[in-house]
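Undergrad: Handing you a structure now.
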Protein chains: 2
Amino acid sequence: MPSKILDEHSAAHVAELFRAFSDTSRVQIMSVLLGGEKNVSVLADLVGISQSAVSHHMRGLRQMKLVVARREGKEVYYSLVDPHIITLFQQGIRHVQEE
Amino acid sequence: MPSKILDEHSAAHVAELFRAFSDTSRVQIMSVLLGGEKNVSVLADLVGISQSAVSHHMRGLRQMKLVVARREGKEVYYSLVDPHIITLFQQGIRHVQEE
DNA sequence: TTAACACATGAAGATATATTCATATGTTTT
DNA sequence: AAAACATATGAATATATCTTCATGTGTTAA
């Protein structure tokens, strides 16, 4: 029975986490990454947005440690690492599909 | 291995769901509702925002069926009903607290 | 029915966010 | 070193979002 309110600081962090998945393009990016690591231009192609837009999104996801980047030559591969984050995201997908 | 991209329509719905929890005030409201149903003015007091702001937030949460409203006299009590939503939200809290 | 209270709602202003464009950085090949 | 390619970044614009203010709606009590 955690009947207590979350303090503003913690609440802001929770909000920040959910905000990471609150954009259609980022959700599509995440959905692709569920299938394994992808580089930026592949993501841009699959999602249908510019390379620049993808890079901007990945910066945010990276800073929140929701993805990790791995450089291989000229390309940068992004992937999901945190199993809790993967679960959280998949639960979101399941919820909207249960209707 | 769902290596496939979410279509834009589904992705927009997932994004919409996460967006519901992407605001500090709404996260605080949700955290309070974890402890049981509360009416609007109590929520406003606890969260520290205006009655109007709470009503606006509750409208969004209501429309997404993340909360249900119950009128009792002059007051309207809101509560969480969907156990999957509760779990999803609690997972978000747990994630930020594991640091 | 009028007053008082609780909540909802529309409009407006302020702030945040996503995308694009131009350009910078980093890497490989010639 | 120069060219070509992949990615990152800053600035600018367009759009979305949150909050407040004023007022509307619904309910109870006088």
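Any read-out appearing in this document is the output of simple, stated calculations on the displayed coordinates, not a laboratory observation. None of the values given here were measured: they were computed from a predicted structure. So basically every Cβ, Gly included, is an ideal-geometry build from the backbone, and we count neighbours across all protein chains shown.
Undergrad: Quick one: what does P(r) look like for the protein assembly as shown with 10 Å bins over all Cα pairs, in whole %?
TA: Result, from short to long distances: 9, 35, 31, 18, 7, 1, 0 percent.
Undergrad: Then there's this: For B:N39, which sequence-distant residues (separation of 5 or more, or a different chain) have an amide H within less than 5 Å of its own amide H, given hydrogens modelled in the peptide plane?
TA: Here B:Y78 satisfy the definition.
Undergrad: On to the next question. Taking the label point 7 Å from Cα in the Cβ direction, how far apart in nm is B:R62 from each other copy of itself, listed shortest first?
TA: 4.4
Undergrad: Moving to a separate point now. Taking each label point as 7 Å beyond Cα in the direction of the beta carbon, state the distances from B:K74 to the same residue in the other copies, shortest first, in nm.
TA: 7.1
Undergrad: Counting alpha carbon pairs within less than 8 Å and at least 6 residues apart, what relative contact order, in whole percent, applies to the stretch A:30-99?
TA: The value is 31 percent.
Undergrad: If you don't mind, there's one more thing I want to ask. Counting Lys +1, Arg +1, Asp -1, Glu -1, what net charge surrounds B:L61 among other residues with beta carbon under 15 Å of its beta carbon?
TA: Once all neighbours under 15 Å are counted, the net charge is +3.
Undergrad: Can you list, shortest first in nanometers, how far B:Q90 lies from the same residue in the other copies, with each label 7 Å from Cα toward Cβ?
TA: So the distances to the same position in the other copies read 1.9 nm.
Undergrad: Over 32 Å between C-alpha atoms is what I'm after, so list which of A:K4/B:K4; B:K4/B:K38; A:K4/A:K38; B:K4/B:K65; A:K65/B:K38 land there.
TA: The answer is A:K4/B:K4; B:K4/B:K38; A:K4/A:K38; A:K65/B:K38.
Undergrad: Which value in deg cm²/dmol, rounded to the nearest 500, describes the helix-derived mean residue ellipticity at 222 nm for chain A, given -39,500 (n - 2.57) per DSSP H run of n ≥ 4 and division by the residue count?
TA: Helix contribution divided over all residues of chain A: -18000 deg cm²/dmol.
Undergrad: While we're here: Scanning chain A for helices, which whole DSSP H stretches are 15 Å or more long along the axis (Cα) and average 1.0 or more by Kyte-Doolittle?
TA: Span-like helices here: none at all.
Undergrad: Taking the Cα centre of the stretch A:23-97 as origin and charging only Cβ (+1 Lys, Arg; -1 Asp, Glu), how large is the dipole, in debye to the nearest 20?
TA: Charge dipole, the stretch A:23-97, about its Cα centre: 160 debye, nearest 20.
Undergrad: With the radius of gyration and the Kirkwood radius both derived from the Cα set of chain A, what is their ratio Rg to Rh?
TA: 1.03
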